[in-house]
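Just below is one structure, and these are the notes that go with it.
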Amino acid sequence: MSLLRPIHHTFAPHVNAGYVLRTLALLFQPWKWKEGPQREALRCALAQKFDADVFLFASGREALAALFKAVKDPSHAEVIVQAYTCVVVPNAIQAAGKTPVYADIERESLNLSVEDVERRLTPRTLAVICQHTFGIPADTHKLRALCDRYGLLLIEDCAHVIPDDTGPQTIGKDGDFILLSFGRDKAISGITGGAILSRRPDVSVRLKAEEGAARSLSLLRIKRFLLYPLVYAVARPLYGIGLGKPLLVLARTIGALVPILTKEEKRGHMSPALHRLPNACAALALVELSRLKEINDHRRRLTALYLSELLKSQISNSAIPKSIHPALPLQKFPLFVHGASAIRHTLKKHNIHLNDGWTGCVVCPAGTSLDEVSYTRGLDPEAEQACEQILSLPTHPTMTEAQAQTLMQALSETLTEGC
Ligand SMILES: Cc1ncc(COP(=O)(O)O)c(C=O)c1O
């Protein structure tokens, strides 16, 4: 079985026909790229939704670095972060002169172990970043209580999930600060962008100054961001006939696309310069925010579909993290399997691309210089084992239910045949 339409995590997962049209319209209106009313409209919508002050930057990593620059407390320089995270998180901590300290995760939620966070505290601890990994809610109530007990800041990293009004909701309620990303494969996408939301008025004042001092991205760079949906809209359907990849390589080689991560970032270095969120990206993110419930409902449907299919088929050799339930709008559905890497390799031959950059790495993607981000191998054996066994299934807005069924079938066949 080889599919004409790829199943994937990273080939412009939010980009459908509407997204392409909106981007095309923006491409022909360069006067709207840097400045315009959409950025303020996005700020207002987020401020209302989260009841917090909102500061917008060109990426989530910059928003996080801005926060640590704004928290002026030289005697508290350590920030607790979970193992199994993205390199841009420790990079942002380090770019602001702070030190990441890794705490263990719990395998069944892929989120911080509160007990281990407490073990890692020192008199120099400033803050705890709790990451709702792939949209699985972390235990923010316990973390809030812990932070209150020790006088620490709680930062909720909501890059992977933005809550809507469905069901009992804990995400985004307890943090002093909330980090959002509008990156290409995040909860909502503006191609790039990020926000830090503050519930601490003293820090808000300094965040305002950081945002005010941030520079605009160049028009050329914004144009390269805006080309991303268009290049992928052409390349994606060509994957099945072998032309999609060469087209993307060509687009990258001629500089038409901005990479998600630079080589420097993978080496643990981030430029401390901060940039304003381009109005064009705010415009795209704003439309997605208005569709949040629809996007999350789609993710819930796929989460429920995978869960029921996996339970029905009882694919041997696999385990579902216990914290997953059908009402979660997962950013992706993690499954533990033995030989995850070989399975991905086999599925790739069928135009199914499950490498999302979160496999085989505790600080992701694989190949990140662990020394440079202060992670010592062996620190969290749970995370190191889990990341080797994770096989993530897509739940993004352009992944259809029919594709999810096809994926389940292909997965079941691959696991039955052994690979
Ligand atoms: C958990 C997490 N937090 C924060 C970020 C930062 O997002 P951005 O790509 O907008 O810098 C990422 C990005 O990959 C992430 O995975």
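Looking at V54, is it outside any helix (DSSP H, G or I), surrounded by 22 or more Cβ atoms within 10 Å (Cβ to Cβ) and more than 16 Å from the ligand (Cβ to nearest atom)? Answer is no for this residue.
Let's see how each residue does on (1) closer than 15 Å to S198 by Cα; (2) not in a helix (DSSP H, G or I):
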| site | (1), (2) |
| --- | --- |
| V128 | yes, yes |
| K142 | no, no |
| A145 | no, no |
| D148 | no, no |
| V161 | no, yes |
| D164 | no, yes |
| T170 | no, yes |
| L179 | yes, yes |
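The conditions of being modelled with pLDDT of 95 or more and of a type in the set (K, R) are met by K34.
Cβ-Cβ distances below 7 Å connect the following pairs, each with a first residue in the range 360-380 that is closer than 16 Å to S392 by Cα, a second residue that is among the charged types (D, E, K, R), and a separation of six or more residues or different chains: G360/E388; V362/D380; V362/E384.
For the range 161-184, what are the residues that are more than 18 Å from L42 (Cα to Cα) and within 16 Å of the ligand (Cβ to nearest atom)? Residues satisfying the conditions are I171, G175.
The condition of being closer than 19 Å to I390 by Cα and open to solvent by 50 Å² or more (accessible area, probe 1.4 Å) holds for only one of E118, E106, that being E106. P329 meets the conditions (1) touching a Lys or Arg at 6+ places or on another chain (Cβ under 7 Å); (2) touching a residue at least 12 places away in the same chain (Cβ under 8 Å); (3) over 24 Å from T398 (Cβ atoms) in every case but one. The failed one is (3). Among all positions in the range 12-30, there is no residue which is open to solvent by 10 Å² or more (accessible area, probe 1.4 Å), hydrophobic (A, V, I, L, M, F, W, C), touching a Lys or Arg at 6+ places or on another chain (Cβ under 9 Å) and within 15 Å of the ligand (Cβ to nearest atom). Scanning the range 57-79 for residues that are within 8 Å of the ligand (Cβ to nearest atom) and either open to solvent by less than 10 Å² (accessible area, probe 1.4 Å) or small (G, A, S) (or both) yields S59, G60, A63, L64. Look at (1) within 15 Å of I155 (Cβ to Cβ); (2) assigned to a strand (DSSP E or B) and you find that F68 fails only one, number (2).
Of the residues contained in the range 359-370, one or more are found to be surrounded by fewer than 17 Cβ atoms within 10 Å (Cβ to Cβ) and farther than 19 Å from Q131 by Cβ.
Scanning the range 80-112 for residues that are within 13 Å of the ligand (Cβ to nearest atom), in contact (Cβ under 8 Å) with a residue 40 or more places away in the chain and of a type in the set (A, V, I, L, M, F, W, C) gives V81, A83, C86, V87, V88, V89, A92, A95, I105, L110.
Against the numbered list (1) buried (at least 18 other Cβ atoms within 10 Å of the Cβ); (2) within 16 Å of the ligand (Cβ to nearest atom); (3) more than 20 Å from K223 (Cβ to Cβ), L305 comes up short only at (2). Could we say that I155 is closer than 24 Å to A273 by Cα, assigned to a helix (DSSP H, G or I) and not small (G, A, S) here? Taking the combined requirement at face value, the residue does not satisfy it.
Residue by residue through the range 313-338, note down the ones that are surrounded by 17 or more Cβ atoms within 10 Å (Cβ to Cβ) and more than 17 Å from L407 (Cβ to Cβ). Within the range 313-338, P321, S323, L328, P329 meet the criteria. Screening the range 165-180 for residues that are open to solvent by 10 Å² or more (accessible area, probe 1.4 Å) and farther than 12 Å from H132 by Cα and picking the one that is modelled with the lowest pLDDT gives P168. For the structure I just gave you, tell me whether I155 is over 14 Å from the mean Cα position of the chain (by Cα), within 11 Å of the ligand (Cβ to nearest atom) and in contact (Cβ under 8 Å) with a residue 12 or more places away in the chain. Answer is yes for this residue.
The values are calculated or read from the model by the stated rules, or taken from the named source; none is laboratory data. Computed from a prediction, not measured in an experiment: that's the story for all the values here. Every residue, glycine as well, gets a Cβ built from its backbone with ideal geometry; the counts of neighbours run over all protein chains shown. What goes into the accessible areas is simple: the full protein's heavy atoms, side chains included, and nothing from ligands, DNA or RNA. Shrake-Rupley method; radii C 1.70, N 1.55, O 1.52, S 1.80 Å.
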